[in-house]
Protein chains: 2
Amino acid sequence: MKNDLPQPPYYAVIFGSQLSGIEPDKYAQMANHMEALAQQQPGYLGIESAKNEVGFGITISYWKDLESIKAWREQAEHLEAQRLGKECWYASYELKVARVEGIKAFGE
Amino acid sequence: MKNDLPQPPYYAVIFGSQLSGIEPDKYAQMANHMEALAQQQPGYLGIESAKNEVGFGITISYWKDLESIKAWREQAEHLEAQRLGKECWYASYELKVARVEGIKAFGE
């Protein structure tokens with residue numbers, strides 16, 4: 001909500017995931033680290049995230065263009081996090097790449 | 001996650017919101033009703049939602065095309081829900097319309 005995104009168009013990576021419940025502390029630590037790392041990537045615009053009490057979460061990261069998304073996907077530490085995610089932390093996930101075309105805000 | 005979405009392209013309405021905390025029961029009832037109503041709209045493809053413990057939530061609904069989104073936005077009961085949302089239930093929200101271009105899944 002507080003990302004100060006530019007005017008569209010730009011890109012969103014929509015990541016919906018169900019945690020396995022294995023190693024929740026390690027997962028949380030890695031998730032925080034990945035968020036900090038993403039913020040340093042070229043083309044990073046912002047992130048928003050919500051997770052409910054049964055471990056289903058949606059994280060959306062926003063990016064300048066598809067090249068920025070590709071570079072982040074292939075970043076070395078992120079590749080290792082993706083591997084651990086599939087091996088341990090996620091029961092399932094679904095990742096969508098979408099082009100943001102319009103935005104409308106209400107409230108502060 | 002279990003929406004059985006078609007192959008892209010299609011559209012996503014990304015709704016990130018911070019609840020005010022006013023009338024939580026009425027809000028929850030209306031949110032359920034709106035979800036049921038959306039499912040009956042032409043062009044509706046699916047929905048996913050997560051809300052954290054401080055009332056920040058992300059709901060993403062998926063639609064065949066921009067016309068379907070426009071029709072849903074202008075549906076009479078939904079207009080009334082939007083009005084009440086701004087008047088009472090939301091402290092703030094941000095709504096983005098995005099064109100889903102790619103999808104990748106892991107797990108069941």
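We did not get these values from a lab; they are worked out from the coordinates using the rules stated. Keep in mind that this is a model prediction, so the values were computed, not measured. Backbone-built Cβ (ideal geometry, glycine too); neighbour counts: all protein chains shown.
Each of B:56, A:106 was scored by other Cβ atoms within 10 Å of its Cβ. Listed from fewest to most, they are A:106, B:56. For the range A:43-87, the set of GluC sites (Glu not before Pro) satisfying both a DSSP loop assignment and a count of at most 13 other C-beta atoms within 10 Å is given as A:53, A:74.
A 19 angstrom limit on the alpha carbon distance is what I want to check against. Which of A:86/B:64; A:96/B:70; A:51/B:26; A:70/A:96; A:26/A:86 exceed it? In this structure, A:86/B:64; A:96/B:70; A:51/B:26 lie more than 19 Å apart at Cα. Only the Cβ atoms of Lys and Arg (+1) and of Asp and Glu (-1) were treated as charged; on that basis the dipole of chain A about its Cα centre amounts to roughly 240 debye.
In chain B, a dipole from Cβ-located charges (positive for Lys and Arg, negative for Asp and Glu) runs towards its positive end, and of B:22, B:100, B:50 it is B:100 whose Cα lies farthest in that direction. Summing Lys and Arg as +1 and Asp and Glu as -1 over all other residues whose Cβ lies under 14 Å from the Cβ of residue B:13 gives a net charge of +1.
Normalised by the number of residues in chain B, the mean separation of alpha-carbon contacts (under 8 Å, six or more apart) gives a relative contact order of 47 percent. Where does the range A:10-100 land on Rg/Rh, using Cα atoms and the Kirkwood Rh? Here the Rg-to-Rh quotient is 0.94. For the range B:8-25, the residues whose backbone nitrogen is under 19 Å from a point 7 Å from the Cα of residue A:73, taken along Cα to Cβ, are B:8-12.
A Cβ-based charge dipole, computed about the Cα centre of the protein assembly as shown with Lys and Arg at +1 and Asp and Glu at -1, lands at about 380 debye.
The range B:1-64 and the range A:47-71 have Cα centres separated by 17 Å.
Note on residue B:35/residue A:40: beta-carbon distance plugged into 1/(1 + (r/R0)^6) with R0 of 41 Å gives a FRET efficiency of 0.65. Placing a label point 7 Å from Cα along the Cα-to-Cβ axis, residue B:107 is separated from the same position in the other copies by 2.9 nm, shortest listed first. Among B:69, B:47, B:22, the residue with the largest mean-square fluctuation in a Gaussian network model of chain B, with springs joining Cα atoms closer than 10 Å, is B:22.
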